[in-house]
Structures are given as C-alpha cells and as structure tokens.
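Below is one structure. I have some questions about it.
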Amino acid sequence: MIVAAWAATSVPVLAQNRWTEYTDARGTRVEYPQDLFSERKGTESGGQVLATRDGRGRLHMYSMDNPNALAPKAFMRSYFPASRSTLTYDRVARNFFALSMRREAMIVYLRCNFSSTRGGTLHCVDIRYPQNEKRAWDGFVTRISRSLRPLPVE
C-alpha cells in the first residue's frame, strides 16, 4: 500500500503507510492517507476537514444537495459562471466534474461525483496544498480523487 511520509524538506513523498476510508451518512466514501492528513479540524459544510500536521495541506470530504438535479456540465455553468480559463485543470464527465485552480500560492483541487440514486446528492473532496509542491502531491491527489464513490444504496 502506498501512503504518506514526510521527507526532510517537509514535502510529502510516497512510502509505505496507512490509508483509511471516510464515509458519511449521505453515502460519500473516499480513501485518504491518514498519516498525511492526521489533524482533525472539525466539520464544515456537512463534512469532515482534516489537515497535515504543519497545516500546509487540507482535505475536506463532504456531501451536498443538488436541488435542481443538475448534470455536471449544467452544474459547472451554474456554480462556476466565470471564465473557466482561470482553471488549471477542468474535466466534466457524465457523472462527475473535477477542477483545479491556483489561489494564494495554493492549489485547490475539487472533485464532485453525482449520484442519481440518492436524490441528486453530490459527493465531494476539496484538497488544498502548496503550489510549489505540486509534483510531490500529484499521487495523493490522484488516488484520493479516484477513490471518491457514493456508497451502494441498500
């Protein structure tokens, strides 16, 4: 299993360590490196906020309503009406969107999966980390993003 460790420079590096799974009552499920995001910062917008020990990285895992049952493309147009040219990454698929932008020397990565079986619930992760450490964070962000899933309906 690949997870987080800290190099002498305090930049996260890949090493053997522990990943764990976050789930919430609305059906969000996501894996994250528990040693990297080891500090619980409470709840925000209906989800859990975690941070790195030194506070430089942040992970917010949450669910939110999609009251108008918008598809990902329509949701992006509605909630991000400004020019998407300001985004450094922008992907819209049939059942999710993912975007990335730079804000105050940080990279903000947001992915939301759309659940048609749970009343239009969106299952999201918001990951923030130092812009100058992008390469070191890429593996973590990719794995967290790809692990995001709604729990099966019972």
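The values are calculated or read from the model by the stated rules, or taken from the named source; none is laboratory data. Here the structure is a predicted model, which is why all the values come from computation and not from measurement. Glycine also receives a Cβ, built like all others from the backbone with ideal geometry; neighbour counts cover every protein chain displayed.
When the stretch 123-141 is examined, which residues are found to be aliphatic (A, V, I, L, M) and under 30 Å from ALA25 (Cβ atoms)?
VAL125, ILE127, VAL141
Just to be sure, is PHE37 touching a Cys at 6+ places or on another chain (Cβ under 9 Å) and either in contact (Cβ under 8 Å) with a residue 24 or more places away in the chain or hydrophobic (A, V, I, L, M, F, W, C) (or both)?
no
Please give the strands (runs of 3 or more DSSP E) falling wholly within the stretch 15-116 in which 1 or more residues are among the hydroxyl-bearing types (Ser, Thr, Tyr) and in contact with a His (Cβ under 9 Å, 6 or more places away or on another chain).
Ranges flagged: 28-33, 58-64.
Starting from residues that are in contact with a Leu (Cβ under 9 Å, 6 or more places away or on another chain) and either of a type in the set (A, V, I, L, M, F, W, C) or modelled with pLDDT under 95 (or both), keep the ones in the stretch 103-117 and report whichever is farthest from LEU87 (Cα to Cα).
The residue in question is SER115.
Just need a number here: residues in the stretch 86-114 that are under 22 Å from SER147 (Cβ atoms) and among the basic types (Lys, Arg).
3
Listed residues PRO130, PRO150; which is over 12 Å from the mean Cα position of the chain (by Cα) and at pLDDT 95 or above?
Of the residues listed, the single one that is over 12 Å from the mean Cα position of the chain (by Cα) and at pLDDT 95 or above is PRO130.
Is it the case, given these coordinates, that LEU87 is farther than 20 Å from TYR22 by Cα and in contact with a Lys or Arg (Cβ under 8 Å, 6 or more places away or on another chain)?
Considered against the rule, which asks whether it is farther than 20 Å from TYR22 by Cα and in contact with a Lys or Arg (Cβ under 8 Å, 6 or more places away or on another chain), LEU87 comes out as no.
Does any residue in the stretch 90-105 that is surrounded by 15 or more Cβ atoms within 10 Å (Cβ to Cβ) come within less than 9 Å, Cβ to Cβ, of a residue that is among the polar types (S, T, N, Q) and not in a strand (DSSP E or B) six or more places away or on a different chain, and which pairs are these?
As it stands, the answer is ALA98/SER145; LEU99/THR88; SER100/THR88; MET101/THR86; MET101/THR88, since those pairs meet every condition given.
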